[in-house]
Every structure is written in structure tokens, then in C-alpha cells.
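Working notes for the structure below.
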Amino acid sequence: MNKWILSILALTMIFLASCKDDDGGGGTIDDDMLSADDLTDITYDPQTYELVVPCDFPEMEIPSDNPMTVDGVELGRFLFYDPILSADSTMSCSSCHLPSGSFTDNEAVSIGIDGVAGTRSSMSLLNVGYFYTGLFWDGRVTTLEEQALLPVEDEIELHTTWPEVEVKLKRSEIYPTMFRKAFGIESKEEITKFLAAKAIAQFERSLVSSGQSKFDQARCEPGVFLDPLELEGFELFTFEENEHPGCTHCHKTIAQLFTDNRFVNNGITDVGGTAVENLENFPDKGLGAVTGNIFDNGKFRTPSLRNIANSAPYMHDGSLNTLEEVIDHYSSGGFSAANSDANVMPFPLTDQEKAALLAFLRTLDDDAFMNNPAHQNPFD
Amino acid sequence: MRKFSFLLLFATLFIASSCDDDTPKPEPAGDIQITFKGNYDGETFYTQKAYDYTDDMPVRFSAFNFFVANISLLEQEDATEETELIDIDFIDLGFDETQTAEAEAGVTVSAMKVPAGTYRGLKVGFGVPADLNRTNPVDYGSGDVLSKTSHYWSAWNSYIFSKIEGVADVDGDGQFETSEGEGLTLHMGTDATYTERILFPSSPIVVDEDGSINLTLNIDLKTLFYMPINEYDVNNDELLDIETFNGTHTDSELLIAKQLMRNFSEATALD
């Protein structure tokens, strides 16, 4: 009897051992690859990813410990779109950052896997690789590698844990090979959240303007001009004349990114007056929650205006639905608080001028960016 | 054989000792720290604090920052020989009242390996010198002080040399309301506004070999607003009429910008 039990036990152990490497797999990859942790038979030959940027764009600063490679960007694209990164495999990064919305979800606030709404509108990822002074609306991290780690474990976003994701990645049919090709790892066990974040960061750095917006064509290509209304809008946007404050105080054109990379209170929230203590009344303290400084309450990142018409609604809380409403807000001067940005002051605006500003903003439309095959969902 | 060994040893020692003599000795040098501190009417300056601008108009500032350039030590009062310390840097004195330690400490820039010696004066430029002002933030990496897109104004083809921002309670209702047009955005730039100041301390600046000295420059923000140009001082109280001239962005306001930058000379004192 004992021998019989021992035999069954031995057979069971052999069976379990043989099953171990198939967890989460079952697929198209060579069986040896699935059954062994060793990945060294797979060629590791990293090719530099050539980032193509429009004329007059600055050179993007790539961290020396995460150079962009063709395989790294491709792995990042897969991870970005893969719901494997959420607890119930229903959502991915792309659920809130869709190409069709200039990598936003076009919602006022985003909703996570448990159906819980967040408090902020998803930010466009267009040209995000150039934002060196703090990411997210509140600037709480400084690098894309740090940023990519956070939504996975955020309770109202993907609501899982990295150890769980790492297990799924190691068991996957495709990812061990892709991590090998991207980073030269020698075994599945070397797959970590940090490498996953590096790959996602590489993909995000590839999300650069196409250079095909009318504004870029007018800047860079002979024979392309803004029409008179767009030109009038550009001048209103750029120059401070006739009581117009000049949108370029914050949406700087010099580096072509239409942001000054600062964090400001742009008067979108009424906190009840300009006394310092009223700064506690911001429902979302923004940068202040990061720094702990009351004078930073209600300050949020100046977003880029590139492709802005495709990333509605607007502001950190998604409270303005259209560009017309945005222009009306700034023309009104917004709400005053102790830390209001002094550049946000009321100014007169005729219907003609408003139409001109809108026409200019539409020259920043970048359909070619949104439709770029290299940015699309690889699982579609 | 023994003689040969002695000769070899002697030759080796000779060569070694002659090599020692060829090694250039480093020039005696020390380090200098220059600290910039902000004041308003003689008191430590804080952003977001209400100050009397005029008797009936309080003002709260939200930003006070500027580029400094061509900081040099002068060996003689005639400024014929300069020892350059710092080519360009950015000073942000925007500390609020939750940052008292930072405000009192000021912002320090350092120059290392300054030739030891006795110097008579210190030269400080305020703004971005013309040669650097021909460049723009795209020319620099993100860590460089000249990479600040927030301090470049494309319409001028110039860096913004200094920003003074805030809100004045123009209507006297006790509220500081940008939404009522009470904001103050004094942005100065273009080559014409670059200003240099030479300061002579009461006693010489002595840089000792391997020593370190600190020089403190106090800059009084209120002094920047003194406006000898009557056109911009409609109240005849010698201060810029910030109710009327609350920005300096157009060509017609260039004279104000020039005067504000020129006033850095008067506003700066060496401890």
C-alpha cells in the first residue's frame, strides 16, 4: 500500500513539475523556450531606435540607462496596450490613453477597473518624453520610468501589484522573448517591474508629433501658409498687444511644445477669495499635495497645446468641454486665489478674435500622429 | 657588475628627482561663494506676503527671479583686470513664509579654484549678455540654466532676464484679484536692458590659498520700482505706477523694463 501511495505521489510530483512552466502560457512559442528559464538561445541584438522629430524640435534627452531600442519600444507598446497589467485583465495603460484622443480617453475623469472614478482628466502623452520638470498633473515624479510604475498599483486605476504582474509576465507566451530581445536578460526570472517600466517609457518617448500639423507644415515646408484667420489667431496667441496677455506666457512656442513646463493655479477653481487660508479649499491640491506647501495648492502642470482639439475635455478636472469654453475662461480671468498666476488676467475678446484663436489652435491638429501605425494597439 | 648597478641606480634617482622638478605646481587658489538675498524695503523678502507699495496700495508678489552673468573679481578699481567667476546663473528669490530658512539663507552660487590674491571689487551682470542672448533654450540641455523655456520670449528673440510677478490691491477692497486685472507681470529682457554693477567692499576681498570666502549681495525689490521717468510715475511718489503699467511686454513699455533692470545696480548692496 505504502509503495502504491509513494508511486502516486512521485507521479503527481513529476506531473506538477512538468506543468509548472506552462502556467499562463500555451501557445506558439517553442516548447523548450516555455519549459526553461534560460533565454540565452534567443538572439539579443539591440538596434537603436531612431527617433524622428519635426523640424526645430529640440533633441530629446534619453536617459543613459534606458536607451531607446527597436525591441524596447516594441515591448513597451505591447505592455502599454496589454490588460495583463491590471488585476482583472480588463484595462491597460491605453484604456485611459487612446491614440484617437491624442492619448487621452476624452473623459472628464478616468474610471479604473473597479468602476471607481478618479479625480483628474487623463493627460495627453503627445511629446511626453520632453517633459523633464515633473510628470502627472501634479509633478509627483520626474521620469517616465518612475511614472510607468504607478498606475499599476493605483487603487483606482489598474489596482494590482507588481509582483502579480511580474508573475504573469514570466508565464506569458510572448514576454520572456520580448524582454530578452529588449534588455538581454538571460532568464525569465530577470523580468522585473523596472524593466517593464523602462520599456513603457521607451514607447512613450516615441510618441512625438508627426510634423504633419498645418502649423508644422507652415513652419517647415515651403509653400504652406496659415490662412489670414489662422494668422490672426497666431498673433493673438503670441503677442501681447491691445490688452491681450499673450497665451505664450505659459504655452511657450520656443521649443515647439506649447508649454512652459511649470505648475500654476490658472484660476479654474473658486476657493472663496484671496485670503491665504482659502488655499486649503482646493478640492484637489495638485502640486501642493506633493510639496506640502500651501502656496502650491491648486497648481497643476501647464499642458502642451499640441493636438489640443482632439484631447477634450480640458483642465486637470475635465471641467471645460470645448476649446471655446477654455478661451472664455481665460478671457474672464478665472477665479482669484492667493496663489493665482499673475499672467491669467481678464482681457476683451471679440467674436472675430475668438474665431481666430480657435482657427490657430486647430492648426495644431495632428491626425498623422494619432493614426501612426507604430502607435496603435498591437493586439488589434 | 657592481659598478654598473650603482650607475644604474644613480641614473634612476637622478631622472626621478628631475621629473619631480618638472611637475608644474598648481597656482594657489581658493573658493568663493556668492549669496543673493532678497529684501523688500529693508526686510527679508517673501512671496505671498502683503507689502505696502504705496501708502494706499498693498502688493503681494508671487515671483522674483533673474539671471546673473559675468560675475568677476576686479584686481583694481579701474576694472582693467578681471578674474571671471561665473558666466551665467539663475537666481530665484521666490521664497514664501513657509520657507523662512531658505529666504534668510538666500541663493548661493559658487566659484571654485579662484586664484588666491587680494581683489578690490566685484562685478555682477543682471540679465543675459548679448552673446548668450543670441542663443535660445533649445540650444541647451535640460539641466542648463539657459534651458528655461519659461524665461524666453519669442516675440523679443530674447531671454526674459527677470520676472517680477504679483498682485496689487489696486481698488483697495482688501482682495488681491488677478481676475479683476490687478495682476502684475513685469518681465524684462532684450539686450538693451542688460545691466552690470561694480561693487567695492569697504575692505578688500582676500582669497586665501585653499580658503573659502562668502560674499553676500542683498537685493531690495522695492528699490527696483523707483522710476525717475515721470511718464511712468504719475503719482509723483517716485515709484512706478503699477496700476497703469502692470506689465512690460510691448515695445512701448521697453523704457520701463530698462529702468527696472537698471535699478538692479542701486538695489544691490554687498555685505
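Looking at this structure, is B:Lys113 within 30 Å of B:Glu209 (Cα to Cα), more than 14 Å from chain A (Cβ to nearest Cβ), surrounded by fewer than 21 Cβ atoms within 10 Å (Cβ to Cβ) and modelled with pLDDT of 95 or more? Let's see the steps before the verdict.
On the way: within 30 Å of B:Glu209 (Cα to Cα): yes; more than 14 Å from chain A (Cβ to nearest Cβ): yes; surrounded by fewer than 21 Cβ atoms within 10 Å (Cβ to Cβ): yes; modelled with pLDDT of 95 or more: no.
In short, no.
Do the conditions hold for A:Arg140, that is, is it closer than 20 Å to A:Asp260 by Cβ, of a type outside the set (Val, Ile, Thr) and more than 14 Å from chain B (Cβ to nearest Cβ)?
Details: closer than 20 Å to A:Asp260 by Cβ: yes; of a type outside the set (Val, Ile, Thr): yes; more than 14 Å from chain B (Cβ to nearest Cβ): yes.
For A:Arg140, the condition - closer than 20 Å to A:Asp260 by Cβ, of a type outside the set (Val, Ile, Thr) and more than 14 Å from chain B (Cβ to nearest Cβ) - is met.
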I'd like to verify a number: residues in segment B:183-219 that are within 24 Å of B:Phe45 (Cβ to Cβ), in a strand (DSSP E or B) and of a type outside the set (D, E, K, R), how many? 16
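When you look at A:Gly298, is it in contact with a Gly (Cβ under 8 Å, 6 or more places away or on another chain), more than 20 Å from A:Glu232 (Cβ to Cβ) and without any contact (Cβ under 8 Å) to a residue 60 or more places away in the chain, yes or no? Reasoning before the result, please.
Values: in contact with a Gly (Cβ under 8 Å, 6 or more places away or on another chain): yes; more than 20 Å from A:Glu232 (Cβ to Cβ): yes; without any contact (Cβ under 8 Å) to a residue 60 or more places away in the chain: yes.
Here the answer is yes, as A:Gly298 does meet what is asked.
Which residues, counting only those in segment B:118-145, are of a type outside the set (A, V, I, L, M) and in contact (Cβ under 8 Å) with a residue 40 or more places away in the chain?
So the first thing to find is which residues in segment B:118-145 are of a type outside the set (A, V, I, L, M), and the list is B:118-121, B:123, B:125-127, B:129, B:131, B:133-137, B:139-144.
Across segment B:118-145, the qualifying residues are B:Thr118, B:Tyr119, B:Arg120, B:Gly121, B:Lys123, B:Gly125, B:Phe126, B:Gly127, B:Pro129, B:Asn133.
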Set A:Tyr81, A:Tyr49, A:Tyr130: member being more than 13 Å from the chain's Cα centre (by Cα), of a type in the set (Phe, Trp, Tyr) and in the same structural domain as A:Trp162 (by TED's automatic domain parsing): A:Tyr49
Report, by residue number, each residue of segment B:169-180 that is at the interface with another protein chain (Cβ under 10 Å from one of its Cβ atoms) and in contact (Cβ under 8 Å) with a residue 60 or more places away in the chain. B:Asp169, B:Phe176
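To keep it simple, each residue is scored yes or no on (1) within 14 Å of chain B (Cβ to nearest Cβ); (2) of a type in the set (Phe, Trp, Tyr).
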site	(1), (2)
A:Glu190	no, no
A:Phe194	no, yes
A:Pro222	no, no
A:Pro228	no, no
A:Asn265	yes, no
Pick from segment B:145-164 the residues that are more than 20 Å from B:Leu184 (Cα to Cα) and touching a Phe, Trp or Tyr at 6+ places or on another chain (Cβ under 9 Å): which of them is farthest from the other protein chains (Cβ to nearest Cβ)? B:Val145
Restricting to segment A:134-144, give me the number of residues that are assigned to a loop (DSSP other than H, G, I, E, B) and farther than 17 Å from A:His316 by Cα. 2
For segment A:353-380, how many residues meet the condition of being touching a residue at least 40 places away in the same chain (Cβ under 8 Å) and more than 20 Å from A:Phe225 (Cα to Cα)? 10
Please note which strands (runs of 3 or more DSSP E) are completely contained in segment B:67-182 and include at least 1 residues that are among the hydroxyl-bearing types (Ser, Thr, Tyr) and in contact with a helix residue (DSSP H, G or I) (Cβ under 9 Å, 6 or more places away or on another chain). B:158-168
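Between A:Thr322, A:Thr350, which is of a type in the set (Ser, Thr, Tyr), on the phi < 0 side of the Ramachandran plot and under 25 Å from the mean Cα position of the chain (by Cα)? Quick ask: steps written out before the conclusion?
On the way: A:Thr350 fails: under 25 Å from the mean Cα position of the chain (by Cα).
So the residue among A:Thr322, A:Thr350 that is of a type in the set (Ser, Thr, Tyr), on the phi < 0 side of the Ramachandran plot and under 25 Å from the mean Cα position of the chain (by Cα) is A:Thr322.
Matching residues to (1) touching a residue at least 24 places away in the same chain (Cβ under 8 Å); (2) more than 24 Å from A:Ser100 (Cβ to Cβ):
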site	(1), (2)
A:Val290	yes, yes
A:Pro303	yes, no
A:Ser319	yes, no
A:Tyr330	yes, yes
A:Gly334	yes, yes
A:Ser340	yes, yes
A:Pro346	no, yes
Is at least one residue of segment A:237-254 of a type outside the set (Gly, Ala, Ser), within 26 Å of B:Glu97 (Cα to Cα) and outside any helix (DSSP H, G or I)? yes
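Which one of A:Glu166, A:Glu173 is touching a helix residue (DSSP H, G or I) at 6+ places or on another chain (Cβ under 9 Å), part of a loop (DSSP other than H, G, I, E, B), in the same structural domain as A:Asp38 (by TED's automatic domain parsing) and not β-branched (Val, Ile, Thr)? Before you say what the answer is, go through the steps one by one.
Details: A:Glu166 fails: part of a loop (DSSP other than H, G, I, E, B).
Result of the check over A:Glu166, A:Glu173: A:Glu173.
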Would you confirm whether or not segment A:211-221 contains a residue that is surrounded by fewer than 21 Cβ atoms within 10 Å (Cβ to Cβ), in a helix (DSSP H, G or I) and among the aromatic types (Phe, Trp, Tyr)? no
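The values are calculated or read from the model by the stated rules, or taken from the named source; none is laboratory data. Please read these numbers as outputs of a predicted model, since none were measured by experiment. Note that each Cβ is placed from the backbone with ideal geometry, even for glycine, and that neighbours are counted across all protein chains shown.
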